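K.L.:
This structure is in structure tokens; I'll ask about it shortly.
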Amino acid sequence: VSSGPDDRVGQLAERYASQSRAYQELWGPVLEKLGERLLREVDCTGIARVLDIGTGVGVLLPHLARTFRGATVIGVDRSPGMLACVPNGPILAVMDASHLALAPRAFDLAVLAFVLFHLPEPIVGLVEAGRVLRAGGRIATATWGTELESAATQVWTEELDAHGAAPLDAASDLAQHELVDTPEKLAGLLASAGFVSIRSWSEQSTHTLGGEHLVRLRTSVGRSKHRFDSLDRASQSACLASARHRFAALRPEDFMARAQVVYSVARAP
Ligand SMILES: C[S@@+](CC[C@H](N)C(=O)[O-])C[C@H]1O[C@@H](n2cnc3c(N)ncnc32)[C@H](O)[C@@H]1O
């Protein structure tokens, strides 16, 4: 795996490592539900070797083992710090999704759940997944169509803005959602990577994120943390107090967050 001063992939791996415990507690359960949804669309026949690319803290690994009973399941991720949080058991390896150190045609199923937008070139990750799949092997992907938003997340963003948090720029975001945020884009990329029998669709997903969950999530994981961290101590305290005050006046439904999720399944030729 590469690293260097201009290494966005390495930078991302370090960021994930530093947030891995919070990710596991606060964000993992959200993605787990969406990953399970994706797996329900995969044809289970003839799947004995499964590769979870960008497995993170491994939330999908037990579901893969249950869904594809008896299969060998391997999780790979660029961030050793994320893999360190995976409970003991599964086979794991540090690997870059764009350069898998794996033999051609070694797998029957490759899963990329919420990973493609992190790759410098998503098409390269798809071609690489195709390389390690046998003929007729399956690929399953999930990406964000829209951000997970609720009235409460809106309040949080307004408070960050009001207290002068730095805007989010592409360099600090380390994600390119716009490359993979519609079924059409995914279908196009999968076709360009040589996949066939492509099915790509988008679905609304809802999650209740209560006020304190939201505060902990937004101050400890991902790009919103980056904005919060840009504030000085006094502004952070004021932002938190103001957000909590406004949350107290919201209705339960205001904490119901909605997102469009883009799912795809396809076959290697
Ligand atoms: C949003 S998390 C998703 C984790 C997991 N698939 C899930 O659904 O919970 C994205 C993961 O992709 C990993 N990742 C990002 N870029 C990667 C790359 N180039 N190669 C391998 N893993 C990568 C990150 O380290 C992180 O663990």
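K.L.:
Just checking, how many residues over the range 25-48 are surrounded by 18 or more Cβ atoms within 10 Å (Cβ to Cβ), more than 11 Å from the ligand (Cβ to nearest atom) and farther than 16 Å from Val265 by Cα?
P.N.:
Final tally of qualifying residues: 1.
K.L.:
Now for a separate question. Just to be sure I understand the filter: pairs with C-beta atoms under 6 Å, separated by 6 or more residues or on different chains, first member in the range 4-20 and at pLDDT 90 or above, second member more than 9 Å from the ligand (Cβ to nearest atom). Which pairs pass?
P.N.:
These pairs meet every condition: Gln19/Val221; Ser20/Cys85.
K.L.:
Further question: For the range 108-127, give me each residue that is more than 25 Å from Leu148 (Cα to Cα) and of a type outside the set (A, V, I, L, M, F, W, C).
P.N.:
Asp108
K.L.:
Continuing with this model, one more query. Among the residues of the range 133-144, write down those that are away from the ligand (no atom under 13 Å from the Cβ) and surrounded by fewer than 21 Cβ atoms within 10 Å (Cβ to Cβ).
P.N.:
Of everything in the range 133-144, those that are away from the ligand (no atom under 13 Å from the Cβ) and surrounded by fewer than 21 Cβ atoms within 10 Å (Cβ to Cβ) turn out to be Arg134, Ala135, Gly136.
K.L.:
Which residues, counting only those in the range 49-71, are touching a Phe, Trp or Tyr at 6+ places or on another chain (Cβ under 9 Å) and more than 9 Å from the ligand (Cβ to nearest atom)?
P.N.:
Within the range 49-71, Arg49, Val50, Leu51 meet the criteria.
K.L.:
Let me ask something else about it. Quick check on my filter: what residues within the range 101-133 are of a type in the set (D, E, K, R) and in contact with a Gly (Cβ under 9 Å, 6 or more places away or on another chain)?
P.N.:
Arg105, Asp108
K.L.:
Oh, and also: For the structure I just gave you, tell me whether Val124 is near the ligand (Cβ under 10 Å from one of its atoms), closer than 29 Å to Asp173 by Cβ and surrounded by fewer than 16 Cβ atoms within 10 Å (Cβ to Cβ).
P.N.:
Yes.
K.L.:
Here's a follow-up. What pairs come up if the first residue lies in the range 28-49 and is under 17 Å from Phe68 (Cβ atoms) and of a type in the set (Asp, Glu), the second is within 11 Å of the ligand (Cβ to nearest atom) and assigned to a helix (DSSP H, G or I), and their beta carbons are under 6 Å apart, counting only those six or more places apart or on different chains?
P.N.:
Here the result reads Glu36/His63, each pair linking the range 28-49 to a residue that is within 11 Å of the ligand (Cβ to nearest atom) and assigned to a helix (DSSP H, G or I).
K.L.:
Which numbered condition trips up Cys239, out of (1) touching a residue at least 60 places away in the same chain (Cβ under 8 Å); (2) surrounded by fewer than 18 Cβ atoms within 10 Å (Cβ to Cβ); (3) part of a helix (DSSP H, G or I)?
P.N.:
Here Cys239 clears every test but (2).
K.L.:
Still on this structure: Restricting to the range 72-115, and then to whatever is among the polar types (S, T, N, Q) and within 11 Å of the ligand (Cβ to nearest atom), can you tell me which residue is nearest to Ser200 (Cα to Cα)?
P.N.:
Here is the first cut: in the range 72-115, the residues among the polar types (S, T, N, Q) are 72, 79, 88, 98.
Next cut, within 11 Å of the ligand (Cβ to nearest atom) only: 79, 98.
Details: Ser79: 28, Ser98: 22 Å.
Looking at the filtered set, the residue picked out is Ser98.
K.L.:
Considering each of Ala97, Ala71, Ala113, Ala106 in turn, give the residue that is more than 23 Å from Lys33 (Cβ to Cβ) and modelled with pLDDT of 95 or more. Working first, answer last.
P.N.:
Working: Ala97 fails: more than 23 Å from Lys33 (Cβ to Cβ); Ala71 fails: more than 23 Å from Lys33 (Cβ to Cβ); Ala113 fails: more than 23 Å from Lys33 (Cβ to Cβ).
Ala106 is the lone residue from the list that is more than 23 Å from Lys33 (Cβ to Cβ) and modelled with pLDDT of 95 or more.
K.L.:
Continuing with the same structure: Does the range 198-236 hold any residues that are touching a Lys or Arg at 6+ places or on another chain (Cβ under 8 Å) and in a helix (DSSP H, G or I), and which are they?
P.N.:
Matches in the range 198-236: Gly211, Val215, Arg218, Thr219, Ser224, Lys225, Phe228.
The values are calculated or read from the model by the stated rules, or taken from the named source; none is laboratory data. Only a predicted model underlies this, so the values are computations on that prediction, with no experimental measurement involved. With ideal geometry, Cβ positions are generated from the backbone for all residues, glycine too; neighbour counts draw on all protein chains shown.
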